[in-house]
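Structure record follows, encoded as structure tokens.
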Amino acid sequence: MSSADLTTSPHEGSAHIEFLRRLHERQQLVTRALDEHFPAGAGPLMDAIRGALLADGKRLRPILCLEACQWSGGSPQAALPAACAIEMIHKMTLVHDDLPAMDDAQTRNGRPALHRVHGEALAILAGDALLVHAFGLLASTREVPAERVTGAITRLCQALGTAGLAGGQALDVLSQAGDVTPEKLDHVHTWKTASLFEAAIVIGAEMGGANASQVEALARYGMLLGRAFQISDDLQDAQDTQAVTPHEVTNYVQLHGVEGARRKLRELLSQAVSAIRSVQGGDSQLLAGITELVWEHSWSTGEGHHGHHA
Ligand code: GRG
């Protein structure tokens, strides 16, 4: 098992080194916890699940969930089950997104897509199992009061449903080249990508006991960061010809050009930083620093491959 490295271009200063150290520590915490949920050598379905979950990944959404919990005054451990659940769901969406019926992708993060290794049936079932395990894990959280857990389950259902990931993905796969307007593209990005970022952060904040104005500010940060992340992902794909898949028609760079995409990215990220700074809370260095990583879109995943289009 190799886990992704969160790296960026070299920066001077011990604050930046400390930032990267904390990111890495959180990443390892999540990867170790995920590894324990699905034992190796337990049959073909479990192997496919491990392939989806543990082969690589930046663990960005769970890191944000843990950090939002700490920012809100909680212990990161209180949000660990939720963070793992969110990563299971994220990985499940990537497996289904790569299927021939959706994006028909051959590779993901430089490796063959899961259905090419384990077959389509097991890829579908691995995704289904990850989704169910995620909710089971979240529902069994014992570290926080029960109403925070039911609140988190409700939030996550909203983020994944018809006005969230499923709805956004439907809009995306049904799009035809030529009928994608800027408004429609923003809508797709908001639902299919940003809603899970927002949920990860809000759930972390609520697990940590954030008050209403803190939750509101973090929700805004999450939504802006998620939209920025998808543009950053599109910019990365524009540089990587291998990432273009047959069904892809909605890419921000195709519609707005590289300069337009970079301008929008900068704007969204600076609004995200303002949102986090608009309320009192804990140390926001990591949350602010993540916006810089998204700006540079210089994530490396394990063996030096950039992330595949999603
Ligand atoms: C869960 C009900 C339900 C439906 C899922 C398949 C689907 C519906 C949605 C797909 C949405 C999708 C693929 C969004 C793309 C988001 C994105 C930019 C992913 C790339 O994320 P990274 O780079 O991935 O964080 P790593 O590889 O680092 O884990």
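Throughout, read-outs are computed from the coordinates displayed, never taken from laboratory work. Owing to the predicted nature of the structure, the values given are computational and were not obtained by experimental measurement. With ideal geometry, Cβ positions are generated from the backbone for all residues, glycine too; neighbour counts draw on all protein chains shown.
Determine, for each peptide in 78-88, 125-135, 154-164, 170-180, the mean count of other beta carbons within 10 angstrom over its residues, then list the peptides with the highest first. Write down the numbers at each step before the final one.
Values: 78-88: 27.1, 125-135: 19.8, 154-164: 16.7, 170-180: 13.5.
Ranking, from highest mean packing down: 78-88, 125-135, 154-164, 170-180.
Computed from point charges on the beta carbon alone (+1 for Lys and Arg, -1 for Asp and Glu), the dipole magnitude for the chain about its Cα centre is near 520 Debye.
In the chain, the DSSP-assigned H stretches of four residues or longer account for a calculated mean residue ellipticity at 222 nm of -21500 deg cm²/dmol, using -39500 (n - 2.57) per stretch and the full residue count as denominator. The mean sequence separation of alpha-carbon pairs under 8 Å and at least six residues apart, normalised by the residue count of the chain, gives a relative contact order of 25 percent.
Stretching the chain fully between Thr107 and Thr181 yields a gain of 23.8 nm (0.36 nm per residue, less the alpha carbon separation).
Suppose the chain between Ala212 and Thr154 were pulled fully straight at 0.36 nm per residue; how much longer would it get relative to their current alpha carbon spacing? Before the final figure, lay out each step's value.
Values: separation 58, 0.36 × 58 = 20.88 nm, distance 1.65 nm.
My answer for the length gained is 19.2 nm.
Converting phi to 3J(HN,Hα) with the Karplus coefficients 6.51, -1.76 and 1.60 and the offset θ = phi - 60°, region 97-113 yields 4, 6, 4, x, 6, 10, 7, 6, 8, 8, 10, 9, 6, x, 10, x, 4 Hz in sequence order, with x at every glycine or proline. Among rounded, prolate and oblate, which fits region 25-297 when a ≥ b ≥ c are the square roots of the eigenvalues of its C-alpha gyration tensor, a/c under 1.5 means rounded, and a/b larger than b/c means prolate? Since a/c reaches 1.5 but b/c is at least a/b, the shape of region 25-297 is classed as oblate.
For the chain, the residue among Leu286, Leu29, Ser213 whose Cα projects farthest onto the positive side of the dipole built from Cβ charges is Ser213. Here's the picture: charge each Lys and Arg Cβ at +1 and each Asp and Glu Cβ at -1 in the chain, and of Gln176, His96, Val117 the one pushed furthest to the positive end of that dipole is His96. Computed from backbone phi with θ = phi - 60° and the Karplus coefficients 6.51, -1.76 and 1.60, the 3J(HN,Hα) list for region 56-67 is 6, x, 7, 6, 4, 5, x, 4, 5, 5, 4, 5 Hz; x is used for glycine and proline.
Other residues within the sphere of radius under 14 Å centred on the Cβ of Glu147, judged by their own Cβ, net out at +1 (K and R +1, D and E -1). Between Leu255 and Gln280, the contour length at 0.36 nm per residue exceeds the alpha carbon distance by 5.2 nm.
Converting phi to 3J(HN,Hα) with the Karplus coefficients 6.51, -1.76 and 1.60 and the offset θ = phi - 60°, region 75-92 yields 8, x, 4, 5, 9, 5, x, 5, 4, 5, 4, 5, 5, 4, 5, 4, 5, 4 Hz in sequence order, with x at every glycine or proline.
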